[in-house]
1. What number goes with the only condition from (1) in a loop (DSSP other than H, G, I, E, B); (2) modelled with pLDDT of 95 or more; (3) in contact with a Ser or Thr (Cβ under 9 Å, 6 or more places away or on another chain) that M24 does not pass?
2. Residues being among the polar types (S, T, N, Q), touching a residue at least 24 places away in the same chain (Cβ under 8 Å) and either part of a loop (DSSP other than H, G, I, E, B) or within 20 Å of K188 (Cα to Cα) (or both): count how many of those fall in the range 101-151.
3. Taking into account only those residues within the range 1-55 that are within 25 Å of I133 (Cβ to Cβ) and of a type in the set (S, T, Y), which is surrounded by the fewest Cβ atoms within 10 Å (Cβ to Cβ)?
4. Does K294 count as basic (K, R), at pLDDT 95 or above and surrounded by fewer than 17 Cβ atoms within 10 Å (Cβ to Cβ)?
5. Considering only residues that are within 30 Å of N106 (Cα to Cα), crowded, with 24+ Cβ neighbours inside 10 Å and at pLDDT 95 or above, which ones fall in the range 240-278?
6. Filter the range 289-324 down to residues that are within 26 Å of Q134 (Cβ to Cβ) and of a type outside the set (A, V, I, L, M, F, W, C), then give me how many there are.
7. Does E94 qualify as being free of Cβ contacts under 8 Å to residues at least 24 places away in the same chain, over 27 Å from M194 (Cβ atoms) and acidic (D, E)?
8. Looking only at residues in the range 144-202 that are touching a Gly at 6+ places or on another chain (Cβ under 6 Å) and surrounded by fewer than 20 Cβ atoms within 10 Å (Cβ to Cβ), which one is nearest to L289 (Cα to Cα)?
Amino acid sequence: MQKRSGICVAGNMIVDITYPVDVMPQSGQLVPITGDPIRTTGGAVNNVIVDLAKLDPSLPLQAVGRIGKDSEGELTKNYLSQFPNIDLSCVKEEGITSFTLVMSENITRQRTFFTFGGAGDAFCEADIDWSKIQGDIFHIGYILLLKTLDEADPEYGTKMARLLKSAKEHGLKTSIDVVTEAGDRFQKLVTPAMKYTDYCVINEMEAQSTTGVLLRDADGTLHPENMKAALEKMKALGVSTWAVIHCPEGGWGLDENNNFVSEASVKLPKGYIQGTVGAGDAFCAGVLLAAEKKQTLLEALHLGAASACASLRMPGATEGMTTVTEVLALHKTLE
């Protein structure tokens, strides 16, 4: 069998249309938009694959997903085409590109999202020609935001779980990410996918909703003492290799031998954070790159944390990312 190398990133391909506002309005209120809207690529595919391309320009990468035949689709293609190591031949063009209206608060830097599924809602396993997937790792996101793949499957629970099973049968290691939402769909949609997942990299609220283990109170209090129990539940649900939970305070994981490791976040100086929209995807990209390079999970958490720090220094999802050497050096200066 031919030795595989590289990472395939599949799933949501979204254009973010960001509007700056001073504060989010209450229902029925009007709030002025304080500047011009900015269009940027977003979603699991666009964010993670660009972060990976910047971290390691020599790493073979494939994008798999759906965009529309419209200006947002052209924006996506033009941006990803800037990176020679990203293969776009498996991206299907049909319908209207998925987009998200992002209300970005000028003072707090918090963002509120209104999303339109568009072409991404139709993305399914039939869009994937497994004979063309050359990578070692198949990463897909976001569960809960891929309408067709979130549908029920009589044998595997969800169509996403069936797709991940197919990926493993084709010799790929699998990785998943989840979108954060308010609701009770996590256990129904995420747990079937975990049975066929090698690497699961999710935030504390997603892990809490999936496992039922309390990780953050309603008042915002974090419970790091419960991280190991949540990770053990993720492993029990089927995650075979690395189970990882991240949040602003740090990263925690169980490795392939069920060793528990953690990495505390560095204290960032006041004014450092210019945008939070891409931090989770940046962390995920760092972990995936470490996995592809056969590094330890502790090294992966460190690279994930450094990548997130690089992302936080710029407003856009991928603007702050640079090479592995540079993000690690940046992180060192912040320690």
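1. Going through (1) in a loop (DSSP other than H, G, I, E, B); (2) modelled with pLDDT of 95 or more; (3) in contact with a Ser or Thr (Cβ under 9 Å, 6 or more places away or on another chain) one by one, M24 breaks only (2).
2. Of all residues in the range 101-151, those among the polar types (S, T, N, Q) come to 104, 106, 108, 110, 112, 115, 131, 134, 148.
Now narrow it down to the ones that are touching a residue at least 24 places away in the same chain (Cβ under 8 Å): 104, 106, 110, 112, 115, 134, 148.
From what is left, the residues that are either part of a loop (DSSP other than H, G, I, E, B) or within 20 Å of K188 (Cα to Cα) (or both) are 106, 110, 134, 148.
The total comes to 4.
3. We begin by selecting, within the range 1-55, every residue within 25 Å of I133 (Cβ to Cβ); these are 1-15, 41-55.
Subset that is of a type in the set (S, T, Y): 5, 41.
Values: S5: 12, T41: 25.
This residue is S5.
4. Details: basic (K, R): yes; at pLDDT 95 or above: yes; surrounded by fewer than 17 Cβ atoms within 10 Å (Cβ to Cβ): yes.
Spelling it out, K294 is indeed basic (K, R), at pLDDT 95 or above and surrounded by fewer than 17 Cβ atoms within 10 Å (Cβ to Cβ).
5. I245, H246, G251
6. Within the range 289-324, residues that are within 26 Å of Q134 (Cβ to Cβ) and of a type outside the set (A, V, I, L, M, F, W, C) number 11.
7. On the way: free of Cβ contacts under 8 Å to residues at least 24 places away in the same chain: no; over 27 Å from M194 (Cβ atoms): yes; acidic (D, E): yes.
For E94, the condition - free of Cβ contacts under 8 Å to residues at least 24 places away in the same chain, over 27 Å from M194 (Cβ atoms) and acidic (D, E) - is not met.
8. My answer is K195.
The values are calculated or read from the model by the stated rules, or taken from the named source; none is laboratory data. Here the structure is a predicted model, which is why all the values come from computation and not from measurement. Every residue, glycine as well, gets a Cβ built from its backbone with ideal geometry; the counts of neighbours run over all protein chains shown.
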